[in-house]
Amino acid sequence: MTNSQDHLTLTHKLRKPLVEKLRRERINSSIEQLKSLLGPEFLKQQPDSKLEKADILEMTVCFLRQLQQQQQHQAVDSAVVNQGYSRCVQEVAHFLSKEEVKTQSQRRLLNHFNKLQSSSDKNLREADFSPLSSTVQTSITKDKSPVNSTLWRPW
């Protein structure tokens, strides 16, 4: 039994450097892929310097945060547009309902705007209570400061 354990230990000792080499190759390959995907960002930051792996990772994190912030702002912009649309539909329906309906066209138009108003009000209420809306509002109040795009270097 000791011979079998010695054989397993020897096999493990021989495989460990190979496994570690493959792991490092995967890491390096992924970092190179990040570097190529974010190439223009890297050139803007440090056009003449050689980037270290840590630099590439930091810039990737910075870029992803900026992208996430843009998506959150787009969601807020969309909510504002929906609120404006709902308010417009409400005003038009209110205006049309003040006049006496005389023709079939007027009746159809008023019915159409009343349907739009009820559906836009429903969508507006859903947006007010959706988790995205509250998350976006919270993140905007917290993230007033711009993302820091300079790299930290100890030297």
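Please list 3J(HN,Hα) in residue order for region 75-85, calculated via the Karplus relation 6.51 cos²θ - 1.76 cosθ + 1.60 where θ = phi - 60°; whole Hz, with x for glycine and proline.
For region 75-85, the Karplus curve yields 5, 5, 4, 5, 5, 5, 4, 4, 5, x, 4 Hz.
What pairs from LYS13/LYS53; LYS21/LYS44; LYS21/LYS50 go past 31 Å between their alpha carbons? Don't skip to the end; give the middle numbers.
Working: LYS13/LYS53 29 Å; LYS21/LYS44 33 Å; LYS21/LYS50 24 Å.
Among LYS13/LYS53; LYS21/LYS44; LYS21/LYS50, the Cα-Cα distance tops 31 Å for LYS21/LYS44.
Using the Karplus equation 6.51 cos²θ - 1.76 cosθ + 1.60 (θ = phi - 60°), what ³J(HN,Hα) coupling, rounded to whole Hz, does each residue of region 19-26 give in order, writing x for Gly and Pro?
Residue by residue, region 19-26 yields 4, 5, 4, 5, 4, 5, 5, 4 Hz.
Counting only heavy atoms of the protein chains, get the accessible area per residue of region 18-120 (1.4 Å probe) and round it to a whole Å² value.
Working: 7860 Å² over 103 residues.
Heavy-atom accessible area per residue stands at 76 Å².
Tally up the carbon and sulfur contribution to the accessible surface of region 1-103 as a whole percent, 1.4 Å probe, everything protein left in place.
On the way: 4790 of 8420 Å².
Here carbon and sulfur together make up 57 percent of the probe-accessible area.
The values are calculated or read from the model by the stated rules, or taken from the named source; none is laboratory data. Everything quoted here is computed from the prediction, not taken from an experiment. Ligands, DNA and RNA are stripped out before the accessible areas are found, and what is left, the full protein with its side chains, is counted by its heavy atoms. Shrake-Rupley method; radii C 1.70, N 1.55, O 1.52, S 1.80 Å.
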